[in-house]
Amino acid sequence: MSICFFKQYADISTHVNTLCYVFVMRIAEPICCAPLTGATLSEVDAEQLASVLKALADPIRLRLVSIIASAGEGCACDFPDALGKSQPTISHHLGQLVKAGILEREQRGKWAWFRVNPAQIAAIRTALG
């Protein structure tokens, strides 16, 4: 990109964050498959469901989802102390949960805030229904 491009925007970080958000949201679309007790899962549906369940199959990630769900939202800055883990470890787990669509991420200043994605949780409930 040229310097001229950057001069067009007062706050380039807003545009970068918007692009990242759109990218993450496209990856993290809620799973959509028939309940396990209903019709047989297709290969694609089984792979999608497995990737989401893999993201939840970690005690730290389950605790993160529980903390965030019970509070409504949470700042990444609070999780290392709450879980007794390092910031890089927490960031890794939060990233995996966002990638799976379980959490939604919002940048507020220098901190990232997270909330549970209700559509993905509903899709998981339906699939396990």
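Any read-out appearing in this document is the output of simple, stated calculations on the displayed coordinates, not a laboratory observation. All values reported here derive from a predicted model rather than from experimental measurement. We place every Cβ from the backbone using ideal geometry, glycine too, and count neighbours over all the protein chains shown.
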- Query: Being polar (S, T, N, Q) and either surrounded by fewer than 17 Cβ atoms within 10 Å (Cβ to Cβ) or more than 15 Å from the chain's Cα centre (by Cα) (or both), is that true of even one residue in the stretch 46-53?
  - Reply: yes
- Considering the stretch 51-62 alone, what residues qualify as being assigned to a helix (DSSP H, G or I) and under 17 Å from residue 124 (Cα atoms)? 51, 52, 53, 54, 55, 56, 61, 62
- Message: Need the failing condition index for residue 127 against (1) more than 16 Å from the chain's Cα centre (by Cα); (2) farther than 16 Å from residue 63 by Cα; (3) loosely packed, with under 12 Cβ neighbours inside 10 Å, just the number.
- Response: (3)
- Task: Quickly run through the stretch 47-105 and pick out the residues that are touching a residue at least 40 places away in the same chain (Cβ under 8 Å), small (Gly, Ala, Ser) and within 14 Å of residue 115 (Cα to Cα).
- Result: 69, 72, 74, 100, 101
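Do you know which residues across the stretch 63-89 are assigned to a helix (DSSP H, G or I) and of a type in the set (Asp, Glu)? Give the steps one after another, and end with the answer.
Initial filter on the stretch 63-89 (assigned to a helix (DSSP H, G or I)): 63-71, 76-83, 87-89.
Listed by number, the residues that qualify are 78, 81.
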- Restricting attention to the stretch 72-81, the residues that are surrounded by fewer than 14 Cβ atoms within 10 Å (Cβ to Cβ) and of a type in the set (Gly, Ala, Ser) number exactly 1
- Item | Complete set of residues in the stretch 92-115 that are within 8 Å of the chain's Cα centre (by Cα) and in a helix (DSSP H, G or I) | 94, 95, 96, 97, 98, 99
